[in-house]
1. Can you run down the residue pairs with Cβ atoms below 8 Å, 6 or more apart or on separate chains, where the first is in the range 120-134 and touching a residue at least 60 places away in the same chain (Cβ under 8 Å) and the partner is surrounded by fewer than 16 Cβ atoms within 10 Å (Cβ to Cβ)?
2. Is it the case, given these coordinates, that L253 is within 16 Å of T188 (Cβ to Cβ), touching a helix residue (DSSP H, G or I) at 6+ places or on another chain (Cβ under 8 Å) and not aromatic (F, W, Y)?
3. Scanning the range 172-202 for residues that are in a loop (DSSP other than H, G, I, E, B) and aliphatic (A, V, I, L, M), which turns out surrounded by the most Cβ atoms within 10 Å (Cβ to Cβ)?
4. If you go through the range 70-87, how many residues are under 22 Å from F255 (Cα atoms) and out of contact with any helix residue (DSSP H, G or I) (no Cβ under 6 Å at 6 or more places or on another chain)?
Amino acid sequence: MVKLGDFILDSVSDGFFRLDGGAMFGVVPKTLWEQMNPPDEQNRILLSLRPLLVRTPSENILIDTGIGGKGNESFNSIYGVDRNPTLGESLRNVGLTEEDISIVINTHLHFDHAGGNTFRDENGQLRPTFPNARYILQEGDWEDATHANERTRGSYHPDDFMPVMEAGQMELIAGEREIVEGISVFKTGGHISHIQLVKIESGGQTAVYLSDIIPTTSHIRPPFIMGYDLFPLETLSIKKEIIKSAVEHNWLLVFEHDPKVQMGYVKIKENRPVLEPLSRPVK
């Protein structure tokens, strides 16, 4: 738990999964990335599934929802899914239930970010996991998810988002938007055309949830860009802007996929960005 002004931030968990290390680091040679990200026998590296819970005086806001529990045995084997703990368990550990979430912000609809949007009930019917929440998404990503091509289709699972729209809980927005006072989203591109990051501001402090633009602390280094990114040169430019602002304004950066580090500050050392993990609460 981190106190940021009037807000409380909890990096909650939906467990872990694995992706190919080469795909996670693109053109960076394995001899460089494997030092901090040791691969398994299938060349997969361990990644966390870590949504962010933001509690304001009036709202319980969840940013991304993890991978969820709808995957079959084959899916869970391919991606090494280990949902321990589940997102629901993580919420209960901080005294909340799914019904207490009032807003869900989906940075984008890839299955490891939006899989927990929905669940199958005891009758096998798909339902929104957070029945009292409005789900916020960039309208461009909705279009991309519902009109996926051969390159992108594997990343979007309609069961993660169609039931939310059908239930009337999906709110589509375009570009930068303040969701509630102190919490805003801004569209970046790079990873995909319409990914949105989340800026959290309260009491003179700022935190930014990085989603897949800087998925792990290893990706702080500008050339470390995922092979999954559709527009890698855009990612490079965006990363430089974020790191520059984070250094100048002392932003707290929140990571979604780093298996060890939840949050930290960037400092420049020997002309290179270095992440200093958060070791004490922000007040």
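We did not get these values from a lab; they are worked out from the coordinates using the rules stated. Just so you know, these numbers come straight off a predicted model, no measurement behind them. Note that we place each Cβ from the backbone using ideal geometry, even for glycine, and neighbour counts take in every protein chain shown.
1. F130/E99
2. Numbers: within 16 Å of T188 (Cβ to Cβ): yes; touching a helix residue (DSSP H, G or I) at 6+ places or on another chain (Cβ under 8 Å): yes; not aromatic (F, W, Y): yes.
For L253, the condition - within 16 Å of T188 (Cβ to Cβ), touching a helix residue (DSSP H, G or I) at 6+ places or on another chain (Cβ under 8 Å) and not aromatic (F, W, Y) - is met.
3. Narrowing the range 172-202 to residues in a loop (DSSP other than H, G, I, E, B): 174-176, 181-182, 188-195.
In the following step, the residues that additionally are aliphatic (A, V, I, L, M) were identified as 174, 192, 195.
Values: A174: 10, I192: 25, I195: 28.
The selected residue is I195.
4. Narrowing the range 70-87 to residues under 22 Å from F255 (Cα atoms): 79-87.
Now narrow it down to the ones that are out of contact with any helix residue (DSSP H, G or I) (no Cβ under 6 Å at 6 or more places or on another chain): 79-86.
Adding up the residues that qualify gives 8.
Conditions tested, residue by residue: (1) among the charged types (D, E, K, R); (2) over 23 Å from M36 (Cα atoms); (3) in contact (Cβ under 8 Å) with a residue 24 or more places away in the chain.
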{"residue": "E176", "(1), (2), (3)": "yes, yes, no"}
{"residue": "I183", "(1), (2), (3)": "no, yes, yes"}
{"residue": "S193", "(1), (2), (3)": "no, yes, yes"}
{"residue": "V198", "(1), (2), (3)": "no, yes, yes"}
{"residue": "S218", "(1), (2), (3)": "no, no, yes"}
